[in-house]
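Every number in this text was worked out from the coordinates using simple rules, so none of it is lab data. Just so it is clear, the structure is predicted and the values come from calculations on it, not from any experiment. Note: ideal-geometry Cβ built from the backbone for every residue, glycine included; neighbour counts use all protein chains shown.
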Amino acid sequence: SGLPPNFGFISYSDQPPSGTASQNFGHSKGVLLVDKSGTGIWLLHSTPKFPCAKDENSFWPSTGVKNAQTFICVTFRYEQFDKIGKHLQYIRAFPFDHRIPGDFHTELLDVVNKVHVPPDDHFQELNSNKRVNFYSIAKKIQGPDYGGDLYVTISQRVSSDLLVQTWGCQAGRDKSFCRKNKFKVENIKMIETSLSQWKNTQDHSKWCVAKDPQNNWVCVADVNRAQSQYTRHGGALCINDKRIKDIFKNLAKESEDCQNRSLLDILDVLNLRNFLNILNPDCDP
């Protein structure tokens, strides 16, 4: 293959560039590039069919032009990749292209061999090459009290209400989570930057940020807020950092707060929206 013997990689995606991934695998996308003698990177992203080829001139898919996406890329020392491999097992990542030599971490070999382990929905600490703490988290598959909603799980772990950005055109998209005596999970409706603003129907990214001003958690994630996603594996990479938290929180121009129910929310509660086949006019049919 022409690759050095101490180099390994895994590209994983629920929407690979060719073929399909079984629904039994997680809804997650990313790339690991690992040098056993030093460091590696974990790139977690939201773009379908990426990378579409191992070619610097054609790795970006044509389908990746239309909507906003998220990417987070962190450099870790090699010894951290056993835990990253374990996380990929927790989220049941689908490896569509890979090369992991036999003397690499067992957990990475297990990922490419599709060895499944039950998810652990607690934070797993990861220490970056520059000694910054990150935290990976995986979610359960459905269960009582919104156990399959990654963002409800994160809200409980960080003890804060959350603002959440996920794909606005996801079929069966769930309304904001507004249970009494529970941390709230509010869907972001509109994103604003210094360059432009756009609706969640134009944004395929998945991330969340703590609403509490004293709480500095922010996570870049894999899954959307929809009933169909609560039965699939997925997770997030989080950091507790005020500067980064403030940047993300300031992107949220408008959200579905729990006191502001629209007609579509009421129809959702009555289970009429799917029955009446009401489509979001901002989404492709």
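Here are some notes:
- Comparing SER11, SER196, TYR90 along the charge dipole axis of the chain, the residue lying farthest to the positive side is SER196, per the Cβ-charge model.
- Computed about its Cα centre, the charge dipole of the chain is approximately 320 debye, with only Lys, Arg, Asp and Glu carrying charge at their Cβ.
- Where no second cysteine Cβ lies under 4.7 Å, the cysteines concerned in the chain: CYS52, CYS73, CYS208
- Gained length - GLU254 relative to ASN240, 0.36 nm times residue gap less alpha-carbon distance: 2.7 nm
- Between GLU125 and SER196, full extension at 0.36 nm per residue minus the direct alpha carbon distance yields a gain of 22.1 nm.
- Label-point separation in nm, VAL132 to ARG77, each point 7 Å along Cα→Cβ: 1.8 nm
- A run of the chain free of exposed loop cleavage sites, with trypsin sites (Lys or Arg not before Pro) counted only in DSSP states other than H, G, I, E and B and at most 12 other beta carbons within 10 Å, reaches its longest extent at 181-285.
- Region 188-259-region 1-61 distance, computed between alpha-carbon centres (Å): 24 Å
- Across ASP82, ASP120, ASP103, mean-square fluctuation computed from a Gaussian network of the chain (C-alpha pairs under 10 Å connected) peaks at ASP103.
- Between CYS169, VAL152, PHE123, the Cα set farthest toward the positive side of the dipole of the chain (charges on each charged residue's Cβ, about the Cα centre) is that of VAL152.
- Checking the cross-link pairs LYS66/LYS189; LYS36/LYS130; LYS36/LYS139; LYS184/LYS249 against a 21 Å limit on the alpha carbon distance flags LYS36/LYS139 as lying beyond it.
- GLN156-ASP282 FRET efficiency (beta carbon distance; Förster radius 22 Å; 0.05 resolution): 0.10
- Taking every alpha-carbon pair under 8 Å whose residues sit at least 6 apart, the chain reaches a relative contact order of 17 percent.
- Positive contributions from Lys and Arg (+1) and negative ones from Asp and Glu (-1), summed over other residues with Cβ under 13 Å from the Cβ of SER136, come out at -2.
- Gyration tensor verdict on the chain (Cα atoms; rounded if a/c is under 1.5, prolate if a/b is larger than b/c, oblate otherwise): prolate
- Proximal charge balance of ASN127 [Cβ under 12 Å; K/R count +1, D/E count -1]: +2
- Whether region 126-202 is rounded, prolate or oblate, judged on the alpha carbon gyration tensor where a/c under 1.5 counts as rounded: oblate
- Approximating the spin labels as points 7 Å out from Cα along Cα→Cβ, the VAL65-to-ARG99 distance works out to 3.1 nm.
- Near GLY2: Cβ cut-off under 13 Å, other residues only, Lys/Arg at +1 and Asp/Glu at -1. The net charge is +2.
- Region 172-258 shape via C-alpha gyration tensor axes, a/c threshold 1.5: rounded
- Size of charge dipole - region 59-207 - debye, nearest 20, with Cβ of Lys, Arg +1 and Asp, Glu -1, no other charges: 440 debye
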